[in-house]
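Trainee: Before anything else, here's the structure in question.
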Amino acid sequence: MENAHGESPSPTQQLHLAITSYWRTQVIGTVARLGIADLLAGGARDSDSLASELGVHPEALFRLMRAGLATGIFVAFAERTFALTPMGEGLCSNTPGSLRELAIIQSSPSHWLPWGHLTEAIRTGSAPIQAALGSDIWEHFAKNPDEAEHFARSMGDWSEMVSSQVARHVDFSAFARVADIGGSHGDLLAQVLRAHPSCRGILFELPQVAESAKPVLASRGLASRVEVVTGNFFEPGIPAADAYLLKHILHDWEDDACTTLLRRLHEAAPAGARLFVVEMVIPDNRTPDITHLMDLNMLVVANGRERTYNEFQALLGATAWKVHRLIPTQSGTSIIEAVKA
């Protein structure tokens, strides 16, 4: 990125850009929240006509869109007229791989307020979520259903991309029953079942989540192939299956809770059952990687953590799961396959 004089930014300028990155998050999040990208999908528009259509202040919208030039989501087409860049097209609602919902939730109080308490989290080693929101993240979502909906949609978008990679990299045809543990609406399970018609599925979730999952599974034509079982994965009652899916669950919890969960799974699993843990894996502590930032996000938002492969091996080994292999994917997540020892 060049500065106003066409020169490469100095270290001080680069640091300034890094320090003020949260400005960019809020600009992009506001553009996403207002649905501006969808209105520009047909081509360039002037900001005044957009303001009239959106019912917002014309000059303020112009200033927002001008700031969007600095984030890379807009290009100035003419005076007070803007068009989407290829990056900005990722904020359109119906585009493949859309990040609109992610932009909205990351710029919402549930996420940016806890990050404002990062210093406290580093001092104490605990999530500052109570100090930031007055409740844990799930209670906050219960009180703020609009935010909860954007969070669910953003996770669904990410899950769609991750799930397709799991279904492509793992041959599930040898398993008669595949159980998705804490699988929400069964996004991953649906991908697996579509790719492997011989399999039947089990969705294991909390009662309130399970009820909302049933119509989703029915809309996907999977109601007859999926048994929905309710329960808590920290308690006895996990159903028996030939293979278990555990996607983005372990990173929500510290080691003690993960150990309890993995032991419950081991108790329920028949001999030779397979476990597929789908998580980001920190490559090492020296090479810069997005997982290092995601690890801090899990600390401030959920008191969880991302882990290295060695840390996953230790967790699984301590609960009598034998790690078989690590499968990296193009989604940024990896699949750790383990077998009941």
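Trainee: Under a plain spin-label model, where a point goes 7 Å from the Cα along Cα-to-Cβ, how far apart in nm are residue 53 and residue 260?
Mentor: A separation of 5.1 nm, rounded to one decimal place.
Trainee: Continuing with this model, one more query. Where the convex hull is taken over the Cα atoms of the range 1-87, what is its projected area averaged over directions, in nm²? Provide the component values of the computation, followed by the final result.
Mentor: Values: hull surface 24.3 nm².
Reported value for the Cα convex hull: 6.1 nm².
Trainee: If you average 1/r across every pair of different Cα atoms in the range 33-176 and take the reciprocal, what Kirkwood value do you get, in Å?
Mentor: Evaluated on the range 33-176, it is 17.9 Å.
Trainee: Still on this structure: Separation of the range 189-251 and the range 49-80 by C-alpha centroid, Å?
Mentor: 44 Å
Trainee: Show me the GluC sites (Glu not before Pro) within the range 99-150 that DSSP assigns to loop and that have at most 16 other Cβ atoms within 10 Å of their Cβ.
Mentor: Filter output for the range 99-150: empty list.
Trainee: Mind jotting down the distance between the C-alpha centroids of the range 99-145 and the range 292-337, whole Å?
Mentor: After rounding, the separation between the Cα centres reads 22 Å.
Trainee: Excluding residue 188 itself, calculate the net charge of residues whose Cβ lies under 14 Å from the Cβ of residue 188, where each Lys or Arg counts +1 and each Asp or Glu counts -1.
Mentor: Here the charged neighbours net out to -2.
Trainee: OK, next. Report relative contact order for the chain in percent, whole number only (criteria: Cα-Cα under 8 Å, sequence separation at least 6). Don't skip to the end; give the middle numbers.
Mentor: Details: 559 pairs, mean separation 41.4, N = 341.
12 percent.
Trainee: Once a ≥ b ≥ c are taken as the square roots of the eigenvalues of the Cα gyration tensor of the range 282-332, is the result rounded (a/c under 1.5), prolate (a/b larger than b/c) or oblate (a/b not larger than b/c)?
Mentor: oblate
Trainee: Another question, if that's okay. With a Förster radius of 35 Å, plug the Cβ-Cβ distance of residue 174 and residue 219 into 1/(1 + (r/R0)^6) and report the FRET value to the nearest 0.05.
Mentor: FRET efficiency, residue 174 to residue 219: 0.80.
Trainee: Next up: When the helices in the chain are scored as -39500 (n - 2.57) per DSSP H run of 4 or longer and the sum is shared across all residues, what 222 nm value do you end up with, to the nearest 500 deg cm²/dmol?
Mentor: The per-residue figure over the chain is -14500 deg cm²/dmol.
Trainee: To the nearest 0.05, how large is the calculated FRET efficiency for residue 139 and residue 232 if R₀ is 30 Å and r is the Cβ-Cβ distance?
Mentor: It comes to 0.95.
Trainee: Turning to a different aspect of this structure: Whole-Hz Karplus ³J(HN,Hα) for the range 236-247, in order, using 6.51 cos²θ - 1.76 cosθ + 1.60 and θ = phi - 60°, x for Gly and Pro?
Mentor: Working through the residues one at a time gives x, x, 5, x, 6, 7, 7, 9, 10, 10, 9, 9 Hz.
Trainee: If R0 is 22 Å, what FRET efficiency do you get for residue 149 and residue 89 from their C-beta distance, rounded to 0.05?
Mentor: Efficiency, from the Cβ-Cβ distance: 0.45.
Every number here is computed from the coordinates shown, using simple stated rules; none is lab data. In this text the structure is predicted, and so the values were computed from the model without any measurement. Methodologically, a virtual Cβ is constructed for each residue, glycine included, from the backbone with ideal geometry; neighbour enumeration extends over all protein chains shown.
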